[in-house]
Amino acid sequence: MKTLLYSTFQGNAATEYGKKMEEEIEKEVYKMYEGVEISHPSLTADSKHKFLAGSPDGIGKHDNDTFLLEYKAP
């Protein structure tokens with residue numbers, strides 16, 4: 001558990017590619033949903049169950065909808 005929580009992993013070619021592609025994917029989201037607002041939260045805990053948390057790539061808001069964004073780059 002300690003290794004998972006306190007890793008010294010700095011990334012590699014695959015993670016760098018994924019980070020680069022996130023910008024490209026997000027551009028496509030803006031094209032698909034005119035007027036969408038995207039925020040980039042850090043680690044966010046559930047309001048009721050504080051032991052549950054996640055770090056999504058983004059939170060989108062469009063019209064009256066709010067949605068989670070999790071980008072995947074093939």
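Taking the residues in segment 53-65 that are under 12 Å from the mean Cα position of the chain (by Cα) and in a strand (DSSP E or B) as candidates, determine which candidate is farthest from L5 (Cα to Cα). Looking at the filtered set, the residue picked out is G60. Checking V29 against (1) over 21 Å from T66 (Cα atoms); (2) assigned to a helix (DSSP H, G or I): exactly one of these is not met. Which one? Single failed check for V29: (1).
Scan segment 5-23 for residues that are within 18 Å of P56 (Cβ to Cβ), free of Cβ contacts under 8 Å to residues at least 12 places away in the same chain and surrounded by 10 or more Cβ atoms within 10 Å (Cβ to Cβ) and the total you get is 2.
Return the residues of segment 32-52 that are surrounded by 10 or more Cβ atoms within 10 Å (Cβ to Cβ) and part of a loop (DSSP other than H, G, I, E, B); say none if nothing qualifies. Break it down into steps so the answer makes sense when it comes.
Filtering segment 32-52 down to residues surrounded by 10 or more Cβ atoms within 10 Å (Cβ to Cβ) leaves 33, 36-41, 44-46, 52.
Scanning segment 32-52 gives Y33, V36, H40, P41, D46, L52.
Conditions tested, residue by residue: (1) among the β-branched types (V, I, T); (2) touching a helix residue (DSSP H, G or I) at 6+ places or on another chain (Cβ under 9 Å).
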site	(1), (2)
T8	yes, no
E23	no, no
V36	yes, yes
S39	no, no
A53	no, no
D57	no, yes
D65	no, no
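Please find, within segment 1-14, the residue that is farthest from K72 (Cα to Cα) out of those that are assigned to a helix (DSSP H, G or I) and modelled with pLDDT under 90. Checked segment 1-14; the qualifying residue farthest from K72 (Cα to Cα) is K2.
In segment 24-35, the residues that are among the hydroxyl-bearing types (S, T, Y) reach residues that are at pLDDT 90 or above with C-beta atoms within less than 7 angstrom, at least six apart or across chains, in these pairs: Y30/V36; Y33/H62.
The values are calculated or read from the model by the stated rules, or taken from the named source; none is laboratory data. As the structure is a computational prediction, the values presented were derived from the model and not from experiment. Here Cβ is always computed from backbone atoms with ideal geometry, including for glycine, and neighbour counts include all displayed protein chains.
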